[in-house]
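Participant: Okay, here's the structure, questions in a sec.
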Amino acid sequence: MLALTLTLLLVPQDPQPAQAPTFPATPPGEVIRLWDGDAPGARGEAPHDVPTLTPYLLPAGSDAAHPAVVVYPGGGYGGLAGHEGEGYARWLNGLGIQAFVCRYRLGSKGYRHPVMLGDAARAVRIVRARAAEWGIDPARIGVIGSSAGGHLASTLLTHWDRGDQGSDDPIERASSRPDFGILCYPVISMAESFTHQGSRRNLLGDAPSDALLDDLSNERQVNAETPPTFLWHTADDAAVPVRNTYAFADALARAGVAHEVFVMAHGRHGLGLGVADPAGKTQEDLLPWTRECARWMRELGAGR
C-alpha cells in the first residue's frame, strides 16, 4: 500500500495587497488658439473655424523635463471623437507624459488638405516653442492619432519640416518633426483598394488628382528620417482595413526606421483605450495595446 505524503508550503500573505496605481483625472488647462488671429485659410469665426490645443499638464513639483504627446482624435475628418482625445491625454498623464489635445479643422466644415496638416504641425510647433514653460523636453515630443487622426499623425510623421528660420513668429521657427508617433487603427493610404472613403472625401474632396492621392498615401512617403512609430490595429476592422497598418509598417521596415506593431485578432473599429475615460482605472482595465505602447515609450525614453 502506498503512503502519500502531502507537504503544504505556507506562503506569508500580505494582509493588504498593494493596489495598482490608478490613472489621474487630470483637469484640462486653458484652451489655446493655434494662431492668435484668424488661422490661415479660415472660412469664418465659428468655433469650428478656430483650431485649438488643450493642455493636460502634470502637477508641478518635478525639476525633470517631461516627454509630451500631441493627440489627434479620429472621426473621418468629419468630426472629433472625444474618447480618442481627452481619454488618451489622461492615460498619457498617468505615464508621466504631458499631453495636448488638438482640435483641428474638418472636411465636414468645408476644409481640405493642407489645412489639417497645417493645424497638426502648428500644434507640435507650439509645444516645442513653449517647452520650457510647460516643463517639457523639446527632444521628446510625440504624436498620437486614431483612425483619421492616425492619418493626420502619419502625414505629419512623413511631411514635417524644420521650421521657418526667417519667420517673425517664434512658433513658426520651431520644427514640426515629432520625435515619435503612435498610430491607432490608422487610415494610412488614399489608395482606392483599402482607404477609408469617408476620410478621403472629407480630406481631399470628390475628385483629387493622382498626385495628391500619392502624396497623402503616407506609406509611400516614408524615408529614413521618419520618426520611430508604434502602430496597433484589429485584424477584422471592418471600417479601416488592417492593411493600412501593415503598409506603413512595411514602409518603415524598408526604410530602416524603428517601429513596433500590435494587432489584435478581433475588435470593432474605434476601440480607443477600451474605456471611455481612464480616470480611476488601472492599466489592467485598458486594452492590452496600451501596455505594449507604454513599454515601447519607456524603451524610447519617453514615459515611465
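Participant: Could you tell me which numbered condition Arg243 fails, if it satisfies all but one of (1) on the phi < 0 side of the Ramachandran plot; (2) in contact with a Phe, Trp or Tyr (Cβ under 8 Å, 6 or more places away or on another chain); (3) crowded, with 23+ Cβ neighbours inside 10 Å; (4) not small (Gly, Ala, Ser)?
Facilitator: Checking Arg243 against (1) on the phi < 0 side of the Ramachandran plot; (2) in contact with a Phe, Trp or Tyr (Cβ under 8 Å, 6 or more places away or on another chain); (3) crowded, with 23+ Cβ neighbours inside 10 Å; (4) not small (Gly, Ala, Ser), the one that fails is (3).
Participant: Do any residues in segment 191-219 that are closer than 19 Å to Pro241 by Cβ and modelled with pLDDT of 95 or more have Cβ atoms under 9 Å from those of residues that are exposed (fewer than 12 other Cβ atoms within 10 Å of the Cβ) and not basic (Lys, Arg), where the two are at least six apart or on different chains, and which pairs are they?
Facilitator: These pairs meet every condition: Arg200/Glu192; Leu213/Glu192.
Participant: Among Pro186, Pro170, Pro228, Pro178, which is modelled with pLDDT of 95 or more, out of contact with any Lys or Arg (no Cβ under 6 Å at 6 or more places or on another chain) and farther than 28 Å from Arg33 by Cα?
Facilitator: Going through Pro186, Pro170, Pro228, Pro178 in turn, the sole match is Pro228.
Participant: Then there is this: Residues of segment 24-48 being surrounded by fewer than 13 Cβ atoms within 10 Å (Cβ to Cβ) and more than 21 Å from the chain's Cα centre (by Cα), which ones?
Facilitator: Going residue by residue through segment 24-48, those that are surrounded by fewer than 13 Cβ atoms within 10 Å (Cβ to Cβ) are 25, 27, 30-31, 36-37, 44-47.
Result: Asp36, Gly37, Gly44, Glu45, Ala46, Pro47.
Participant: Here's a check for you: in segment 25-74, which residue that is hydroxyl-bearing (Ser, Thr, Tyr) and more than 14 Å from Arg122 (Cα to Cα) is modelled with the highest pLDDT?
Facilitator: Step one: of segment 25-74, the residues hydroxyl-bearing (Ser, Thr, Tyr) are 26, 52, 54, 56, 62, 72.
Filter once more, so that each one left must be more than 14 Å from Arg122 (Cα to Cα): 26, 56, 62.
Values: Thr26: 79, Tyr56: 96, Ser62: 69.
Step by step, filter segment 25-74, then rank; the result is Tyr56.
Condition check ((1) over 17 Å from the mean Cα position of the chain (by Cα); (2) surrounded by fewer than 18 Cβ atoms within 10 Å (Cβ to Cβ); (3) touching a residue at least 40 places away in the same chain (Cβ under 8 Å)) across all residues:
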position: His113; (1), (2), (3): yes, no, yes
position: Arg125; (1), (2), (3): no, no, yes
position: Glu133; (1), (2), (3): yes, yes, no
position: His151; (1), (2), (3): no, no, yes
position: Thr155; (1), (2), (3): no, no, yes
position: Gly163; (1), (2), (3): yes, no, no
position: Asp169; (1), (2), (3): yes, yes, no
position: Phe180; (1), (2), (3): no, no, yes
position: Val187; (1), (2), (3): no, no, yes
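Participant: Considering only residues that are of a type in the set (Asp, Glu) and in a helix (DSSP H, G or I), which ones fall in segment 188-217?
Facilitator: Looking only at segment 188-217, we keep the residues that are of a type in the set (Asp, Glu), and these are 192, 206, 210, 214-215.
Hits for segment 188-217 are Asp210, Asp214, Asp215.
Participant: Just give me the residues in segment 218-240 being crowded, with 22+ Cβ neighbours inside 10 Å and assigned to a loop (DSSP other than H, G, I, E, B), in sequence order.
Facilitator: Answer for segment 218-240, where residues must be crowded, with 22+ Cβ neighbours inside 10 Å and assigned to a loop (DSSP other than H, G, I, E, B): Val222, Thr226, Asp237, Val240.
Participant: Given the conditions (1) among the hydroxyl-bearing types (Ser, Thr, Tyr); (2) more than 25 Å from Gly85 (Cβ to Cβ); (3) part of a loop (DSSP other than H, G, I, E, B), report the number of the one that Tyr246 does not fulfil.
Facilitator: (3)
Participant: When the residues of segment 265-299 are narrowed to those that are assigned to a loop (DSSP other than H, G, I, E, B) and of a type in the set (D, E, K, R), which ends up farthest from Tyr185 (Cα to Cα)?
Facilitator: The residue in question is Lys281.
Participant: Would you check if Met264 is over 28 Å from Glu86 (Cβ atoms), of a type outside the set (Gly, Ala, Ser), free of Cβ contacts under 8 Å to residues at least 40 places away in the same chain and in contact with a Ser or Thr (Cβ under 8 Å, 6 or more places away or on another chain)?
Facilitator: no
Participant: Now, a different point. Restricting to segment 27-86, name every residue that is in a loop (DSSP other than H, G, I, E, B), in contact with a Leu (Cβ under 6 Å, 6 or more places away or on another chain) and aromatic (Phe, Trp, Tyr).
Facilitator: The one that is in a loop (DSSP other than H, G, I, E, B), in contact with a Leu (Cβ under 6 Å, 6 or more places away or on another chain) and aromatic (Phe, Trp, Tyr): Tyr77.
Participant: Quick one: is Asp237 touching a Phe, Trp or Tyr at 6+ places or on another chain (Cβ under 9 Å) and modelled with pLDDT of 95 or more?
Facilitator: Answer is yes for this residue.
The values are calculated or read from the model by the stated rules, or taken from the named source; none is laboratory data. No experiment lies behind these values; they were computed from the predicted model shown. Here the Cβ is made from the backbone with ideal geometry for all residues, glycine too, and neighbour counts use every protein chain on show.
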